[in-house]
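The values are calculated or read from the model by the stated rules, or taken from the named source; none is laboratory data. Because the structure is predicted, anything quoted here is derived from the model rather than measured. Cβ atoms come from the backbone with ideal geometry, glycine included; neighbour counts cover every protein chain shown.
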Amino acid sequence: MNGFVIAAIAMLIATIPCGIVVCRGEAMAGVVAYEAISSIVVMVLVLLSEGFRRSGEFELPVVFAVLLFGSGLVFARFMERWL
Amino acid sequence: MSIRAILADILLALAVVIVLASSIGILVMRDAYQKLHYVTPAALVAPFIVGLAVLAQSGLTLDTAETGLALVFVVIAGPFLSHATIRAARIREKGDWRSGAGLVHGSRNGSAEDRP
């Protein structure tokens, strides 16, 4: 287990407070926490790919980062009026 | 342990501290407006530091380029998402994002009937 894997585990632990906000906070606060979790998960995927030295898995965070943008905008748009 | 590995570990520790502090800030702050301030370090600063750590560890490789691409998407998306989220929060609260728009339609809270 190298530094990258340890950092990935620590960042996953850091999503727990955000998860509490998603589950127990009000709706807009949940969206904010969701955006933070998405950013953290992209970093976790990068760190795990580097930590385990798997070159093929570096494409996963790229795809996830693109989806993060779209999903965040969809949530924000729906939260404006419909949810 | 090489100097590159030590540098990478220092950068990773810094990124983890930033992400942990941001996450606790999101938990502790009161409303969405305040919580949103704590997303920025996790969405802008920490990805940049993680990218530097990968660069320090691996050098200029295809993996580093893909890491940079992913983290550039995160860094670009962050401000747009923050703006969209704060706009949505204001529309939810006031009925319109423009200043004083809720008052024009007769209600400060901007209920669904008041919206244009």
**Q.** Unmet criterion (only one of (1) facing another protein chain (nearest Cβ under 9 Å); (2) more than 22 Å from the chain's Cα centre (by Cα); (3) modelled with pLDDT of 90 or more) for B:Leu27
**A.** (2)
Q. Which fully enclosed helices (runs of 4 or more DSSP H) of the range B:1-89 have 1 or more residues being among the charged types (D, E, K, R)?
A. B:3-28, B:32-37
Q.
Test of understanding: among A:Leu45, A:Leu68, A:Leu12, A:Leu73, which residue is closer than 16 Å to B:Ser58 by Cβ, under 17 Å from the mean Cα position of the chain (by Cα) and free of Cβ contacts under 8 Å to residues at least 60 places away in the same chain?
A. A:Leu45
Q) Tally time: how many residues in the range B:30-63 are more than 21 Å from A:Phe4 (Cβ to Cβ) and buried (at least 18 other Cβ atoms within 10 Å of the Cβ)? A) 5
Q) Counting only residues that are surrounded by 14 or more Cβ atoms within 10 Å (Cβ to Cβ) and either among the aromatic types (Phe, Trp, Tyr) or not in a helix (DSSP H, G or I) (or both), how many does the range A:54-83 have? A) 4
Q: Check B:Ile86, B:Ile18 and return the single one that is under 24 Å from A:Phe64 (Cα atoms), out of contact with any strand residue (DSSP E or B) (no Cβ under 9 Å at 6 or more places or on another chain) and modelled with pLDDT of 90 or more.
A: B:Ile18
